[in-house]
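Read through the structure below, which is laid out as structure tokens, and then see the notes.
The values are calculated or read from the model by the stated rules, or taken from the named source; none is laboratory data. The model shown is predicted, which means the values in this text are computed figures rather than measured ones. Cβ sites come from the backbone with ideal geometry, for glycine too, and all protein chains shown count toward neighbours. Each accessible area value is taken on the protein alone, full model and side chains, heavy atoms only, with ligands, DNA and RNA left out. Shrake-Rupley method; radii C 1.70, N 1.55, O 1.52, S 1.80 Å.
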Amino acid sequence: MITVTTGEKEFFKGIGQIKFEGLSTDNPLAFRWYDENRVIAGKTMKEHLRFACAYWHSFVATGGDPFGEATIIHPWNEKSDAVARAKDKMDAAFEFITKMNLPYYCFHDVDLVDYTNDIKENERRLQAVVDYAQQKQAASGVKLLWGTANLFSHRRYMNGAATNPDFHVLAHGAAQVKSALDATIALGGENYVFWGGREGYMSLLNTNMKREQEHLAKFLHTAKDYARKQGFKGTFFIEPKPCEPSKHQYDYDSATVSNFLRQYGLLEDFKLNIEVNHATLAGHTFQHELQVAADAGLLGSMDANRGDYQNGWDTDQFPNNINELTEAMLIVLEANGLQGGGINFDAKIRRNSTDPADLFYAHIGGMDTFARALITADQILQQSDYKKIRTKRYASFDQGAGQDFENGLMDLEALRNYAVEKGEPESISGQQELLENIINRFI
Ligand code: XLS
Ligand code: NI
Ligand code: NI
């Protein structure tokens, strides 16, 4: 259990630590499914899920949208000195994270403390906040799942950071990554993320795509070499997203990023951080993206949220779709878990969710849905024919000519002769509806 820590001021008054109370509870501020010590498939839920709170959505974002001003006014944003304000925000963050019993958090550099245009001043500010975070982590037991640098909000990055056509901007991005890496390492961060919202293009007419991607690869190598030299042992994650804010992003989806990592010799140090709503923007299911990553040995971490059936953008809602997550957890369990990462709630409460308790309901719902999905997926694997049905579909490759084909022992003529000899194949059902019913039966 994480120890609840508050600063001088308690920001979420009247809400204590959220506990597991089970299915019979009527308490909306309790877990019904997430019992951190419950063992599933040989590991506790806490070890499987490794939940993290996203600093940006929960303590920085204000509910503003392109059409309207802030609706969520944070009481930790009052002091005029940037570092003092950042410490208040961190008090609020650790109070929330510990009350939620979340074992991890994630941040961008600029979420921790406001940045200026002066690199040295930013480094000083970040260092001061990192010193404070070290104390908060030690007092609570909360750990850093990953850190990252925001290379997409400042106007200098309008044409990209690592892929900017102007080398001067690339160097500014590197300066930011250097101090974000220093901060992540100082805080014992287990991983480091690159999400390239501006690493892409708006128009091909002004873009040398090949050169930009080579710069991105060189940039990643340079950052990785620096971190390794500082003793960082964790994994680097690339977070695919096809578009938004750029029209076309280079890290389009799992398949594209896997190929990029292979092409540029980055496979040893980098894995993928898969986000639900990014998968759907790419025209895939979340499950598809997880499976592609798992098959490539690159299933590192996930950003948990959900999209909206009617909207075509990254709405970053809290996850609540039990079918989608059960299918996702089947893939994660069959892949033997996430490699180094966890489940980061890259999700935000709605613009009109203005009660302090709303942030708690949102995380409770997300954590309970994942916990239930984990339990359900494990039962499906243990107790149903799910695995058997899939294995059986490929049985013709397990012996005889099919096995010879897999072993590279059948040439094209031999395949032709086999077809002639055996005649027309019988229809074999894919049994999709049966499998769908199995999922729902165990839910
Ligand atoms: C935006 C991304 C971002 C990354 C971190 O769509 O999800 O939040 O997770 O930079
Ligand atoms: Ni994300
Ligand atoms: Ni996103």
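Here are the numbers for this structure:
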quantity: Any hit, the stretch 310-321, residues being at positive phi, in contact (Cβ under 8 Å) with a residue 12 or more places away in the chain, within 15 Å of ligand 3 (Cβ to nearest atom) and in contact with a helix residue (DSSP H, G or I) (Cβ under 9 Å, 6 or more places away or on another chain); calculated: yes
quantity: Residue satisfying condition, being more than 22 Å from Met158 (Cβ to Cβ), in a helix (DSSP H, G or I) and open to solvent by less than 50 Å² (accessible area, probe 1.4 Å), within set Leu220, Leu261; calculated: Leu261
quantity: Condition check for Gly312: modelled with pLDDT under 95, over 14 Å from the mean Cα position of the chain (by Cα) and within 18 Å of Gln249 (Cβ to Cβ); calculated: yes
quantity: Unique match (being within 30 Å of Ile2 (Cβ to Cβ) and in a helix (DSSP H, G or I)) among Leu170, Leu181; calculated: Leu181
quantity: Among the candidates Glu413, Glu436, Glu421, residue that is in a helix (DSSP H, G or I), within 30 Å of Arg38 (Cα to Cα), open to solvent by 80 Å² or more (accessible area, probe 1.4 Å) and of a type in the set (Asp, Glu); calculated: Glu436
quantity: Pair list, Cβ < 8 Å and 6+ apart or interchain, from the stretch 423-443 residues that are among the hydroxyl-bearing types (Ser, Thr, Tyr) to residues that are at pLDDT 95 or above and not in a helix (DSSP H, G or I); calculated: none
quantity: Residue among Leu325, Leu333 that alone is under 18 Å from Tyr34 (Cα atoms) and surrounded by fewer than 23 Cβ atoms within 10 Å (Cβ to Cβ); calculated: Leu333
quantity: Glu36 vs. criteria out of contact with any Leu (no Cβ under 7 Å at 6 or more places or on another chain) and modelled with pLDDT under 95; calculated: no
quantity: Matching residues in the stretch 184-217 - criterion: being within 20 Å of Ser258 (Cα to Cα), open to solvent by 40 Å² or more (accessible area, probe 1.4 Å) and either more than 16 Å from ligand 2 (Cβ to nearest atom) or among the β-branched types (Val, Ile, Thr) (or both); calculated: Met209, Lys210, Arg211, Gln213, Glu214, His215
quantity: Residues located in the stretch 291-312, provided they are assigned to a loop (DSSP other than H, G, I, E, B) and of a type in the set (Ser, Thr, Tyr); calculated: Tyr309
quantity: Criterion violated by Ala282 - all others in (1) away from ligand 2 (no atom under 14 Å from the Cβ); (2) out of contact with any strand residue (DSSP E or B) (no Cβ under 7 Å at 6 or more places or on another chain) satisfied; calculated: (1)
quantity: Residue within the stretch 91-100 that is within 19 Å of Ser179 (Cα to Cα) and surrounded by fewer than 22 Cβ atoms within 10 Å (Cβ to Cβ) present; calculated: no
quantity: Top-ranked residue in the stretch 223-254 [being in contact with an Asp or Glu (Cβ under 7 Å, 6 or more places away or on another chain) and basic (Lys, Arg); ranked as surrounded by the fewest Cβ atoms within 10 Å (Cβ to Cβ)]; calculated: Lys224
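Per-residue answers, yes or no, for (1) farther than 30 Å from Pro66 by Cβ; (2) crowded, with 22+ Cβ neighbours inside 10 Å; (3) out of contact with any Phe, Trp or Tyr (no Cβ under 8 Å at 6 or more places or on another chain):
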| residue | (1), (2), (3) |
| --- | --- |
| Phe286 | no, yes, yes |
| Ala294 | yes, no, yes |
| Gly312 | no, no, yes |
| Pro319 | no, yes, no |
| Met329 | yes, yes, no |
| His363 | no, yes, no |
